[in-house]
Amino acid sequence: MRIATLTSGGDCPGLNAVIRGVVRTATGLGATVVGYEDGWTGLVEDRRVQLYDDEEIDRILLRGGTILGTGRLKTSDFEASIDRVKENLADAGIDALIAIGGEGTLKGARWLHDNGVPVVGVPKTIDNDVNATDYTFGFDSAVAVATDAIDRLHTTAESHNRVMIVQVMGRHVGWIALHAGMAGGAHDILIPEHPFDIEDVCKRMARRFQMGEKYGIIVVAEGAMPKEGTFVMPEREVDQFGHQKFDDIGAVIAHEIENRLDTDVRSTVLGHIQRGGTPTAFDRVLATRYAVHATKAALRGDFGRVVALRGETVKLVSFEEAVGQLKVVPDHRWESALSLLG
Ligand code: F6P
């Protein structure tokens, strides 16, 4: 049997651990593995490399990024290429495709499967917003990076009596902000699921200073929005895939607080630092477990499904469950964080 794999969408720590896991599991069970480069684009353009269970593959467990490269392809371009995709897979003698990616990639994988391509999905994203799985790999590594940054900002904020804003990733959901904010002892956390009132944010900071505290740390997810009617956000640019570019919310909030409180405020955008570097132990293990599970599913012909972590167990779930809707921060998690703020 011959398996193909690819990584698509934004990269994250742990992608290489999946590739390694797929190659080692498949090879051990007598199958061969091909990798397509740069996500769906490489599949459409038939850019593939043979992957062997050798020393090089063995060592990528620790490496961030993806040795196959990744990318995004417009849905319309992808769907228009279905005949080429099928031809390419047939020419290469591929029996199954393991597609590793986030919400967008898994939607593409479902579409391929509905159009007759045998696919198994593996969910990844630092944002942790893929439904049907308790955790995506990449998330724990991103939270570790953000927490380390917050730890460091505490000391400089305290030295200068400043409010520090830390902008983390999360265009639709606030998982990174919530976890890093809790782990880093932030004094306020702003997430897309709950639009914020800048007056309340300022009140919380002002109260800290009145109580004799010298500084404040606010963690804001890039997709956080002010409550309607509180203040107007500047227009955001949109990239070629229709995704809004988020490089400003931290600076906007810093400006608003400075105006209202007469306090020194600084903003730090962590950006792609959260996506780079070596995966944490948790992410290496999760990515490897997903790889083993997905490969075995592909080898026994269990297609049209996505691997997912449910409690302690890795399971196979339907594409519908995985991509139907995003996994947002539930109210009970938000409420328990709220009681620690201020
Ligand atoms: O991987 C998801 C994500 O990290 C989002 O939180 C972020 O907005 C986006 O990717 C940015 O990706 P890029 O800069 O690669 O378009």
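The values are calculated or read from the model by the stated rules, or taken from the named source; none is laboratory data. Fair warning: this is a prediction, and the values are worked out from it, not measured in the lab. In this analysis, Cβ positions are derived from the backbone assuming ideal geometry, glycine residues included, and neighbour counts consider all displayed protein chains. These area figures cover heavy atoms from the full protein model, side chains too; ligands, DNA and RNA do not enter into them. Shrake-Rupley method; radii C 1.70, N 1.55, O 1.52, S 1.80 Å.
Results for (1) on the phi > 0 side of the Ramachandran plot; (2) outside any helix (DSSP H, G or I), shown as yes or no for each residue.
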| site | (1), (2) |
| --- | --- |
| ASP151 | no, no |
| ALA157 | no, no |
| MET164 | no, yes |
| GLY170 | yes, yes |
| VAL173 | no, yes |
| ALA177 | no, no |
| ALA180 | no, no |
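Would you confirm whether any residue within region 94-115 is within 15 Å of the ligand (Cβ to nearest atom), assigned to a helix (DSSP H, G or I) and surrounded by fewer than 19 Cβ atoms within 10 Å (Cβ to Cβ)? Taking every residue of region 94-115 in turn, at least one turns out to be within 15 Å of the ligand (Cβ to nearest atom), assigned to a helix (DSSP H, G or I) and surrounded by fewer than 19 Cβ atoms within 10 Å (Cβ to Cβ). Checked against the criterion of being crowded, with 20+ Cβ neighbours inside 10 Å and of a type in the set (Val, Ile, Thr), the candidates ILE57, ILE67 yield just one match: ILE57.
Exactly one residue out of VAL219, VAL238 is of a type outside the set (Gly, Ala, Ser), at pLDDT 95 or above, within 16 Å of the ligand (Cβ to nearest atom) and touching a strand residue (DSSP E or B) at 6+ places or on another chain (Cβ under 7 Å): that is VAL219.
Table: residues versus (1) modelled with pLDDT of 95 or more; (2) among the charged types (D, E, K, R); (3) in contact with a helix residue (DSSP H, G or I) (Cβ under 8 Å, 6 or more places away or on another chain).
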position: PRO118; (1), (2), (3): yes, no, yes
position: ASP148; (1), (2), (3): yes, yes, no
position: THR156; (1), (2), (3): yes, no, no
position: GLN167; (1), (2), (3): yes, no, yes
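Just to be sure, is VAL285 free of Cβ contacts under 8 Å to residues at least 60 places away in the same chain, among the β-branched types (Val, Ile, Thr) and under 23 Å from THR136 (Cβ atoms)? Yes. With a requirement of 2 or more residues that are in the same structural domain as LEU73 (by TED's automatic domain parsing), the strands (runs of 3 or more DSSP E) lying completely within region 238-342 that satisfy it span 305-310, 313-318. Got at least one residue in region 123-131 being away from the ligand (no atom under 15 Å from the Cβ), at pLDDT 95 or above and surrounded by 17 or more Cβ atoms within 10 Å (Cβ to Cβ)? So far as region 123-131 goes, no, none of its residues is away from the ligand (no atom under 15 Å from the Cβ), at pLDDT 95 or above and surrounded by 17 or more Cβ atoms within 10 Å (Cβ to Cβ). Screening region 51-98 for residues that are within 23 Å of ALA31 (Cβ to Cβ) and among the basic types (Lys, Arg) and picking the one that is farthest from the chain's Cα centre (by Cα) gives LYS86. Within region 205-212, is even one residue in the same structural domain as ASP247 (by TED's automatic domain parsing), within 22 Å of ASP248 (Cβ to Cβ) and among the aromatic types (Phe, Trp, Tyr)? Among the residues of region 205-212, not one is in the same structural domain as ASP247 (by TED's automatic domain parsing), within 22 Å of ASP248 (Cβ to Cβ) and among the aromatic types (Phe, Trp, Tyr), which makes the answer no. Taking every residue in region 221-247 that is farther than 19 Å from VAL173 by Cα and pairing it with any residue that is loosely packed, with under 11 Cβ neighbours inside 10 Å and modelled with pLDDT of 75 or more, at least 6 positions away or on another chain, yields no pair with a Cβ-Cβ distance below 8 Å. Note on region 271-325: residues that are touching a strand residue (DSSP E or B) at 6+ places or on another chain (Cβ under 8 Å), at pLDDT below 95 and open to solvent by 10 Å² or more (accessible area, probe 1.4 Å) amount to 1. Among the residues making up region 116-149, those that are assigned to a strand (DSSP E or B) and within 22 Å of VAL329 (Cβ to Cβ) are PRO123, LYS124, PHE137. THR25 satisfies every condition listed in (1) within 16 Å of the ligand (Cβ to nearest atom); (2) under 24 Å from THR280 (Cα atoms); (3) surrounded by fewer than 23 Cβ atoms within 10 Å (Cβ to Cβ) except (1).
Just to be sure I understand, how many residues within region 44-75 are farther than 25 Å from LEU286 by Cβ and in contact (Cβ under 8 Å) with a residue 24 or more places away in the chain? Qualifying residue count for the region: 6.
Among the residues of region 231-270, the one identified as within 17 Å of the chain's Cα centre (by Cα) and open to solvent by less than 30 Å² (accessible area, probe 1.4 Å) is LEU270.
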